[in-house]
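Here the structure comes first, spelled out in structure tokens, and everything after it is commentary.
The values are calculated or read from the model by the stated rules, or taken from the named source; none is laboratory data. All of these numbers come straight from a predicted model, not from anything done at the bench. Positions of Cβ are generated from backbone atoms using ideal geometry, with glycine treated the same way; all protein chains shown enter the neighbour counts. These accessible areas exclude ligands, DNA and RNA; they are computed on the full protein's heavy atoms, side chains included. Shrake-Rupley method; radii C 1.70, N 1.55, O 1.52, S 1.80 Å.
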Amino acid sequence: MTSTLSNSRIAASFPVRRMDYKFENMPRYWCNNDSAFTHYFTALSTLFPEGESYFVRSVRALRHRAKINSKLDREISSFIGQEAMHSKEHHAFHVSAQEHGLDPESLEKVTGLILKGVEKVFSKKWNLLVTVGLEHYTAVLVVTMMDWTNEILLFI
């Protein structure tokens with residue numbers, strides 16, 4: 001009896017986008033030369049590295065259940081890779097904010113403490129459900145924010 005194993009790898013539905021933004025020499029008020037916009041987006045950015053880390057931990061905690069589905073397992077790998085890229089870029093951005101006397105790392109730590117507390121109190125399944133909800137919320141927030149920001153910047 002012979003069997004044929006396929007060595008073809010199933011591709012994810014989205015690529016991991018390797019980013020390497022350059023944040024050095026950013027102006028103090030980098031968002032339209034406006035302090036309010038700059039501080040709003042900088043503060044918002046502090047939520048993401050620890051949030052992305054939480055997302056990855058919640059997905060990894062139940063990944064073993066997806067191993068029988070190679071497509072889903074590939075999607076999980078891409079998701080983890082993409083979250084790692086996002087986190088890397090937020091950290092690089094925060095270093096540039098520190099050059100202007102801001103301390104994004106302290107806000108990141110608070111976010112991490114809160115999410116690690118949530119993680120300990122609730123089940124793995126519940127944490128995964130929170131991840132799905134927050135990912136959806138983040139996507140809607142970004143689309144809305146970009147539309148809103150583009151409109152505002154047209155009038156400034």
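Numbers for the structure displayed
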| read-out | value |
| --- | --- |
| Helix-only CD estimate at 222 nm, as mean residue ellipticity for the chain, using -39500 (n - 2.57) per DSSP H run (n ≥ 4) | -23500 deg cm²/dmol |
| Whole-percent carbon and sulfur share, accessible surface of segment 62-107, 1.4 Å | 61 |
| Cleavage-rule hits (GluC sites (Glu not before Pro)) in segment 46-152: DSSP loop, at most 16 neighbouring Cβ within 10 angstrom | E99 |
| Greater than 31 Å apart at Cα, pairs in K67/K109; K22/K125; K22/K109 | K67/K109; K22/K125 |
| log₁₀ of I(q)/I(0) at q = 0.09, 0.16, 0.19 Å⁻¹ - the chain, Debye sum with one point per alpha carbon | -0.39, -1.03, -1.29 |
| Residue with peak Gaussian network fluctuation, the chain [Cα springs, cutoff 10 Å], from R57, R65, R74 | R65 |
| Amide H contacts of C31 (H built 1.01 Å from N, under 5 Å, at least 5 apart or other chain) | T38 |
| Segment H100-S70, length gained on full extension (0.36 nm per residue, minus Cα span) | 6.2 nm |
| Check: segment 79-139 dipole with +1 on Lys, Arg Cβ and -1 on Asp, Glu Cβ, in debye | 420 |
| Estimated dipole of the chain in Debye, rounded to 20 [Cβ of Lys and Arg +1, of Asp and Glu -1, Cα centre] | 1080 |
| Accessible surface, the chain, averaged per residue in Å² (probe 1.4 Å) | 68 |
| Area of S96 that stays accessible when all protein chains are in place (1.4 Å probe, Å², to 10) | 10 |
| Dimensionless Rg ratio for segment 63-153, taking C-alpha atoms and the 2.2 N^0.38 Å reference | 1.36 |
| Intensity falloff of segment 19-72 expressed as log10 I(q)/I(0), Debye formula with alpha-carbon point scatterers, at q = 0.31 Å⁻¹ | -1.11 |
| Largest to smallest accessible area among H64, H39, H90 [probe 1.4 Å] | H64, H39, H90 |
